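Accompanying notes for the structure given below.
The values are calculated or read from the model by the stated rules, or taken from the named source; none is laboratory data. Given the structure is predicted, the values throughout are model-derived calculations rather than measurements. Methodologically, a virtual Cβ is constructed for each residue, glycine included, from the backbone with ideal geometry; neighbour enumeration extends over all protein chains shown.
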């Protein structure tokens, strides 16, 4: 065996170990992800079933408020909290799901749930879309170009006070 062959065998062995370590880490990551997805009832979040929103105890008051509200008879959570269109809807759900999972895993979440600026815009856009017959008249009568924020005045409509 020549010196070149010995060096080649050593570097090949190091690469094999690195690939094995990477494979083990990927397997652990995948395993934890699959377990967490199952434990957290992740598939329920892929549906339009409002009960999925109450999987988490922090959302139970919002779910109960929605059931008692007028929107509980006409709209599901995704109608207000997910934008229209397959890609927009599921990318929003994925982002929110990741952020919610991260907050609960790290125990960094407020006791009283708060909406993000992005989700505020999504919900406000849903109001404008569903109530276009009413809001188009309001927006057209305004002198400024700024549109009306429905949630600013009607914050308790979807979930109650």
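Summary of values
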{"item": "Every residue from segment 132-161 that is modelled with pLDDT of 75 or more and surrounded by 13 or more Cβ atoms within 10 Å (Cβ to Cβ)", "result": "135, 149, 150, 151, 157, 158, 159"}
{"item": "Test for residue 126: is it under 22 Å from residue 62 (Cβ atoms), assigned to a loop (DSSP other than H, G, I, E, B) and modelled with pLDDT of 85 or more", "result": "no"}
{"item": "Any chance residue 20 is modelled with pLDDT of 85 or more and more than 24 Å from residue 128 (Cβ to Cβ)", "result": "yes"}
